[in-house]
Amino acid sequence: MTDSSAPLGAAREQALAVRSLYEVLEERFNGKTWSLHELMLGFSNDVGYIGRLLLANDGTWNIEGDPRAELEHKLAESMWWTFVLADKLGIDIDEAYTQTMDRIRTGLESTIAHTDPARSEQG
């Protein structure tokens, strides 16, 4: 797993500390903690709400409260869900994020180089 010196390490630790507090309450109220599927449903619900908040931010959907503040909250909470799910699945999210961004960046740079209009004109 990732330590706090890794780029996402401190955020991960904070997310998992908050998750452990939720687990205390889940045990008290439900007699068990949420399963992986229940966690995913919670995440899915929040992602769906982000869609409505984007509409509210654009003025095409009315909500109570400040759409911008709600978007900040739900986007941050979505990062929290990602850390929690990665932990439950034993995924080193810091390593996975770094590798994924490197792979995407390399692919994009290659595509940009191959589709450069200046390069086509030289050919």
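The values are calculated or read from the model by the stated rules, or taken from the named source; none is laboratory data. No experiment lies behind these values; they were computed from the predicted model shown. Cβ: placed from backbone, ideal geometry, glycine included. Neighbour counts: every protein chain shown.
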Is segment 46-59 home to any residue that is among the hydroxyl-bearing types (Ser, Thr, Tyr) and without any contact (Cβ under 8 Å) to a residue 12 or more places away in the chain? no
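Looking at segment 31-88, which of the residues that are in a helix (DSSP H, G or I) and polar (S, T, N, Q) is surrounded by the most Cβ atoms within 10 Å (Cβ to Cβ)?
Residues of segment 31-88 in a helix (DSSP H, G or I): 36-58, 67-88.
This time we only want the ones that are polar (S, T, N, Q), so: 44-45, 57, 78, 82.
Details: Ser44: 11, Asn45: 10, Asn57: 16, Ser78: 14, Thr82: 18.
Across segment 31-88, the extreme among qualifying residues is Thr82.
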Here are Arg119, Arg103: which of them is out of contact with any Cys (no Cβ under 7 Å at 6 or more places or on another chain), assigned to a helix (DSSP H, G or I) and modelled with pLDDT under 95? Arg119
